[in-house]
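What follows is a short report on a single structure.
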Amino acid sequence: MSTSADLASLAGDLRDRLPDATTEGASFAELSTYRVGGPVAVLVRAHDVGALSAVAEVARRHRPRLLVIGRGSNLLMSDVGFSGLVVLLEGEFEAIELPAGGTAERESSVRAGGAVPLPVLARRSASAGLAGLEFFVGIPGSVGGAVRMNAGGHGRETVEVLQRAWVLDLLDETADATARACMAGDLDLGYRRSNLRGSDVVTTAEFAVTPDDPGTCEARVAEIVRWRREHQPGGQNAGSVFRNPPGDSAGRLIDAAGLKGMRVGGAVVSPKHANFFQAEEGATARDVIDLVGEVQRRVAEATGIDLVPELHVVGDDTGSP
Ligand SMILES: Cc1cc2nc3c(=O)[nH]c(=O)nc-3n(C[C@H](O)[C@H](O)[C@H](O)COP(=O)(O)OP(=O)(O)OC[C@H]3O[C@@H](n4cnc5c(N)ncnc54)[C@H](O)[C@@H]3O)c2cc1C
């Protein structure tokens, strides 16, 4: 655990290099879709490759506990918060490069920065007549988060479209401060997992696309959006709380155990989709964590199945990261 003197020294060094990008005591609630959670000791927003190299140099010297975040759509920060360094990409890392040229050249790749929101990537590719990434429209994460989690939906997963990712290990002193290119096959992508380490930052990713009629691509995007609105709740949540057990669905098991609408404080099992837990106005992270534990206990009692969280719970009192 870093002492407050260590963290002040880390923040001081980052502020010297990146004065406008470093914040102490930022509220994690503003960095995640759950909109709950305690403060972050040091937050740095890297807006380009040079800034990220500076973060790596400082991090390698101080070796803080480290959390790389995207859009915080799969994270629950505890109320205690995090006495370490949180790294967030923005600026240049929000760029999308679409292939130019005729049909032959277009049967290739879309390159996107690690901070690109997946729905933006889906819509931009679709309206350019590039098919394959439509499923991303329903997943409110970033490109970096999708690679790390092998995000998927509507019958497709990141592993099916990812060609390469560029990754920088912020704590690896043996590496230089530029990202290394990894082929998708090197990342061991499986069901909501990869072999990326907690100190790895996905800076860029390249996805396979095929040419198609823009109207047809946009219609597929619209259909996914319509399906999501019909079947999933809005509001403050992080999508599916639990991974689906083999051959079954976590939502079905929770529903069958009669837990839709179950509440702990301001956290509620969504009546619309039982694997989505909503944080209502005034909810704490503790409410959500306790609800997750209680649902897990009751489903195990009713079915003998131990549900495994897909949601990453982080913070000083959680042992993660
Ligand atoms: C309404 C809703 C619906 C959802 N539906 C789906 C769905 O259908 N399918 C699905 O798979 N997920 C779904 N999710 C969950 C979530 O959007 C995905 O897990 C997404 O991939 C997380 O991306 P993120 O940028 O928000 O990552 P975060 O939540 O910020 O982080 C998640 C993990 O990725 C790591 N990470 C984030 N950015 C980077 C980076 N640049 N480099 C390295 N590591 C990084 C973090 O360290 C953390 O381990 C849903 C969430 C919500 C709120």
Item to complete: Report the FRET efficiency, 1/(1 + (r/R0)^6), for Ser249 and Asp16, where r is their Cβ-Cβ distance and R0 is 35 Å, rounded to 0.05.
Response: 0.10
Discussion item. Restricting to Cα pairs below 8 Å that are 6+ residues apart, what does the relative contact order work out to for the chain? Please round to a whole percent.
Written reply: 18
Worksheet item: To the nearest 10 Å², what's Val264's accessible area with a 1.4 Å probe?
Response: 40
Discussion item. Ordering His62, His154 by accessible area with a probe of 1.4 Å, largest first, what comes out?
Written reply: His154, His62
Item to complete: Measure off 7 Å from each Cα along the Cα-to-Cβ vector at Ala219 and His154, then give the distance between these two points in nanometres to one decimal.
Response: 1.4
Worksheet item: Farthest toward the dipole's positive end in the chain, which of Gly50, Gln278, Gly12, given Cβ charges of +1 (Lys, Arg) and -1 (Asp, Glu) about the Cα centre?
Response: Gln278
Worksheet item: Where the centroid of each part is defined by its Cα atoms, how far is segment 107-168 from segment 77-92 in Å?
Response: 23
Item to complete: Report, for the chain, the % of DSSP beta bridges that are antiparallel, rounded to 5.
Response: 75
Practice prompt. Could you pull out every residue, at least 5 positions away or on a different chain, whose amide H is within less than 5 Å of the one on Arg164? Hs are placed 1.01 Å off N in the peptide plane, and Pro or chain starts have none.
Written response: Ala184, Glu206
Worksheet item: Restricting to segment 27-145, what percent of DSSP beta bridges are antiparallel, rounded to 5?
Response: 30
Practice prompt. Would you check the accessible area of Ile289, probe 1.4 Å, heavy atoms only, in square angstrom rounded to 10?
Written response: 40
Worksheet item: Accessible area per residue, 1.4 Å probe, Å², for segment 128-178: what's the number?
Response: 32
Item to complete: Write down the accessible area per residue of segment 189-264 in Å², having rolled a 1.4 Å probe over the full set of protein chains.
Response: 47
Worksheet item: How big is the charge dipole of segment 156-239 about its Cα centre, in debye rounded to the nearest 20, if each Lys and Arg gets +1 on its Cβ and each Asp and Glu gets -1 on its Cβ?
Response: 420
Response to the item:
Karplus ³J(HN,Hα) for segment 243-257 (6.51 cos²θ - 1.76 cosθ + 1.60, θ = phi - 60°; Hz, whole; x = Gly/Pro) runs 6, 6, x, x, x, 9, 10, 4, x, 4, 5, 5, 4, 5, 7
Practice prompt. Please work out the average accessible area per residue across segment 52-91, using the 1.4 Å probe convention, and give it in Å².
Written response: 29
Response to the item:
Rounded to a whole %, the carbon-and-sulfur portion of the accessible area of the chain at a 1.4 Å probe is 49
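The values are calculated or read from the model by the stated rules, or taken from the named source; none is laboratory data. Everything quoted here is computed from the prediction, not taken from an experiment. When we count neighbours, we look across all protein chains shown, and the Cβ atoms used for this are built from the backbone with ideal geometry, even at glycine. SASA here: full protein model, heavy atoms, side chains in, ligands and nucleic acids out. Shrake-Rupley method; radii C 1.70, N 1.55, O 1.52, S 1.80 Å.
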